1. Please list log₁₀ I(q)/I(0) at q = 0.13, 0.21 Å⁻¹ for the stretch 57-106, using the Debye equation with identical point scatterers on the alpha-carbon positions.
2. What translational diffusion coefficient, to the nearest whole µm²/s, does the stretch 132-248 have by Stokes-Einstein, given a Kirkwood radius computed over alpha-carbon pairs, a temperature of 37 °C and 0.692 mPa s viscosity?
3. Equivalent-ellipsoid semi-axes (√(5λ), Cα gyration tensor) for the stretch 106-175, whole Å, largest first?
4. How big is D for the stretch 182-248, in µm² s⁻¹ as a whole number, if Stokes-Einstein is applied with the Kirkwood radius of its Cα pairs at 25 °C and 0.890 mPa s?
5. With Kirkwood's inverse mean 1/r over C-alpha pairs for Rh, give me the Rg to Rh ratio of the stretch 29-128, two decimals please.
6. Going by amide H atoms built from the backbone, whose H comes under 5 Å of the H on TYR184, apart from near neighbours?
7. If each residue of separation counts as 0.36 nm, what is the full-extension length gain between SER78 and LEU22 once their alpha-carbon separation is subtracted?
8. I'd like the Karplus ³J(HN,Hα) series for the stretch 221-233: coefficients 6.51, -1.76, 1.60, θ = phi - 60°, whole numbers in Hz, and an x wherever there's a Gly or Pro.
Amino acid sequence: MKRFIAYFDYLGFKDFIEKNDLEFQHQIMNNNFRDIEIALSKGKTIETRRGFIPDIDESNINCMNFSDTVVFWTNDDSEESLREILRVAFTFNYHCIEFTFPLKGAIVYGEVTHVDFRQQNGGGGIYNINSFYGKGIIEAYLKAERQHWAGTVIDSSVIEEIISKELNPEEILKEVAKKYMVPYKEPIESQEEEYALRLVKGDLPEAAFQNVSKQIARNFGEYNKSVEHHTVQQKLANTITYLKSFIP
């Protein structure tokens with residue numbers, strides 16, 4: 001069955017793992033898990049013995065995290081599910097890029113299936129299957145991998161599905177995305193603007209731009225991640241250029 005998929009890869013994850021001890025990795029990964037929960041929670045919280053935490057009980061979006069990859073996907077291809085995954089992806093994307101761990105991603109419409117099984121045997125070992133596969137996940141990975149920034153693009157497969165439902169893409173996407181000439185590692189012949197997830201909800205005043213751009217730059221180098229390589233510098237520059245496009 002075809003569904004909507006939002007695929008993300010953290011930038012600089014290898015550096016983060018290699019240059020920090022396991023205890024610190026655990027701390028930062030918990031922060032990343034929190035970002036996922038915030039995106040799924042619609043801003044709702046619940047009080048527990050640990051204090052207030054995101055309340056994801058009413059979410060109809062699935063999520064899987066493995067290593068440096070986070071994937072959200074819908075249970076069906078309805079308009080309601082599309083709107084919900086766009087909201088989740090928008091929240092997760094801007095929050096990570098601006099505040100926690102830069103990433104790049106893609107939202108696609110494609111075939112996927114999920115198999116989840118866990119068994120603990122008598123010897124104390126665990127047999128765990130948490131497999132997510134299908135053409136859609138490959139398409140999402142390839143679309144994300146080609147990009148050269150911290151940002152997320154909405155694939156043409158999503159636009160085509162919106163149109164097939166006799167809906168207006170601009171109306172569906174205007175609050176979470178804008179058209180932009182997305183930067184890719186390799187030039188694309190006759191490239192056209194695509195919808196990319198917004199980094200801010202509305203316009204960005206000049207003073208706010210300066211603060212946010214500094215925060216994004218700081219984010220690229222957090223947790224001992226290297227920012228000296230020219231490819232990292234180019235990704236950062238491309239991200240800041242996109243951010244600048246929100247200045248009225």
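1. Rounded to two decimals, the profile gives -0.32, -0.80.
2. D = 207 µm²/s.
3. Over the Cα atoms of the stretch 106-175, the semi-axes work out to 35, 15, 11 Å.
4. 183 µm²/s
5. 1.01
6. Answer set, sorted by chain and number: HIS148.
7. 16.0 nm
8. My calculation for the stretch 221-233 gives x, 4, 6, 6, 6, 7, 10, 7, 5, 5, 5, 5, 4 Hz in order.
The values are calculated or read from the model by the stated rules, or taken from the named source; none is laboratory data. Computed from a predicted structure; not experimentally measured. Here Cβ is always computed from backbone atoms with ideal geometry, including for glycine, and neighbour counts include all displayed protein chains. Each accessible area value is taken on the protein alone, full model and side chains, heavy atoms only, with ligands, DNA and RNA left out. Shrake-Rupley method; radii C 1.70, N 1.55, O 1.52, S 1.80 Å.
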